[in-house]
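First up is the structure itself, then whatever we jot down about it.
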Amino acid sequence: KDKSAASKDSTPETSKRQEDGAETPKQQLLDIIGNMKVEVSYRKKLQQLKASESKKQALNKLEGLDSEGSVPQGTTEDTQRGKPLNPELVKAASAVASSLPLNKKQTESELLAQLRRHEETTDKQKKGGAINIRNVISEMTVKRQTPAQRSARLSSRISLQLDEDGRRIRPERASAQSDSRRSLKVGKRLNIFTKASTEPEDTLKTVSSPTIWDLEFAKEVAAVTAQPPRNGFEEMIQWTKEGILWEFPIDNEVGMEDDAEFHEHIFLEKHLEGFPKEGPIRHFMELVICGLSKNPYLSVKQKVEHIEWFQKYFEEKKELLQEI
Amino acid sequence: MAAAALCWALRAARQVLPSACPRQVRSYYVDWRMLRDVKRRKMAYEHADERLRINAIRKNSILPRELQEVADKEIAALPRDSCPGRIRNRCVLTSRPRGVKRRWRLSRIVFRHFADHAQMSGVQRAMW
């Protein structure tokens, strides 16, 4: 910002150098401006570094109690560095103003006002961590509304726009909005812990008695909101939701929620307790278990069902087996 | 006769009852043979486990023969359409029973048609 001002000031000066013949004030100007540029850039870098450090500190420590302790040290250093620069800047501003042919006092005052504004913003950036920035932003949004609203108010006053009730509800609405937004932003941090307090109770109450009319209403809403897809992407999204299209990248274990460990798959002898310990049936079932333990495609449930089916089958045929 | 013809005409539409889906689903199979094949596939899927287990008892050298004969009778008692051998891999689009390539489930004529119109991904005319 100072660089741009300096550059803007330097271009009319270069044009005047050609016109005028006096060299000493211009040499002084050039020296001052040259020095100013170097100092301003260094100062800007310092400020940026300090601002980034302060921001990092504020982000690391939540409420910034520590940052407040560390940042004022930085601000004091910067103010110490800033203060000796200011008289030089004033000198440079006066020299620049003297070189311009227009009202010298006005230009001087304008340049000094600009410098003061820059210093104020940089000081704010130095002092504030994330907290002050948030406040600034919140203030900014509130203030941004007001000029538009002011213009609206002006236009409404000029055009005498009256609402249905005969009053001008717009400014009230705006003030209500700004108040609500202010209160919301003030209360933002506090509302972290008060979320989701009463909602689950209400839902529990309503689920117990769903009337037919509620179901019909829900169906109607779903039918209305389900708009036809506008393009191929939305069609594909719909298909994925329905289950027609797989999800990419393809997950080979979709639908396979096998939470069992490997030993439950392999050591299936504990399920053989219902069978006789000797005889061809036991031999047969041991072979079945051997085959199941080597099967990676079935879940533990399916294997257990397999064995249980055989158990049932052989129990039904017990009479037959006893004849043999 | 007329009533039977009407019933046949209704079944040809093969409407799926709108149980839970919001819109009507009406699927037409190419012909009746395809429909029967679909039914056989469903039955085979349902009885697959039982058939596997009863066959495991039958094709056995350990268990006694009487048990295996009982198992033979049981598997014969199952519905005929539950046998996987009755499934015919027909063409999906024309229901042609012969000349069907398994990878694409299409008959050779349909396959050639689509391949020539460049609608088969990765299929090219052979030339060497």
| query | Regarding A:PHE262, is this residue modelled with pLDDT under 90 and out of contact with any strand residue (DSSP E or B) (no Cβ under 7 Å at 6 or more places or on another chain)? | reply | yes
| said: If I go through segment A:269-302 residue by residue, how many of them are away from chain B (no Cβ under 12 Å) and in a helix (DSSP H, G or I)? | reply: 11
| message | Looking at segment A:303-317, can you tell me whether even one residue there is touching a Gly at 6+ places or on another chain (Cβ under 9 Å), of a type in the set (Phe, Trp, Tyr) and assigned to a helix (DSSP H, G or I)? | response | yes
| note | Log entry, pairs with first residue in segment A:227-252 being surrounded by 10 or more Cβ atoms within 10 Å (Cβ to Cβ) and of a type in the set (Phe, Trp, Tyr), second being modelled with pLDDT under 95 and part of a loop (DSSP other than H, G, I, E, B), beta carbons closer than 8 Å, six or more apart or on different chains, reads A:TRP239/A:LEU245; A:TRP246/A:VAL254
| Restricting to segment A:105-143, what's the tally of residues that are at pLDDT below 75, over 22 Å from the mean Cα position of the chain (by Cα) and either over 22 Å from A:LYS45 (Cα atoms) or open to solvent by 40 Å² or more (accessible area, probe 1.4 Å) (or both)? | 3
| query | Does B:ILE57 fit the bill of being closer than 30 Å to A:ILE281 by Cα, open to solvent by less than 90 Å² (accessible area, probe 1.4 Å) and either in contact (Cβ under 8 Å) with a residue 24 or more places away in the chain or part of a loop (DSSP other than H, G, I, E, B) (or both)? | reply | no
| query | Which residue out of B:ILE75, B:ILE57, B:ILE62 is under 30 Å from A:GLU308 (Cα atoms), in contact with a Pro (Cβ under 7 Å, 6 or more places away or on another chain) and within 14 Å of chain A (Cβ to nearest Cβ)? | reply | B:ILE62
| note | When restricted to A:TYR313, A:TYR297, the only residue open to solvent by 60 Å² or more (accessible area, probe 1.4 Å), closer than 30 Å to B:ILE54 by Cα and of a type in the set (Ser, Thr, Tyr) is A:TYR297
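The values are calculated or read from the model by the stated rules, or taken from the named source; none is laboratory data. Values in this document were obtained by computation on a predicted structure and should not be read as measured data. Cβ: placed from backbone, ideal geometry, glycine included. Neighbour counts: every protein chain shown. Heavy atoms of the whole protein, side chains included, go into the accessibility calculation; ligands, DNA and RNA do not. Shrake-Rupley method; radii C 1.70, N 1.55, O 1.52, S 1.80 Å.
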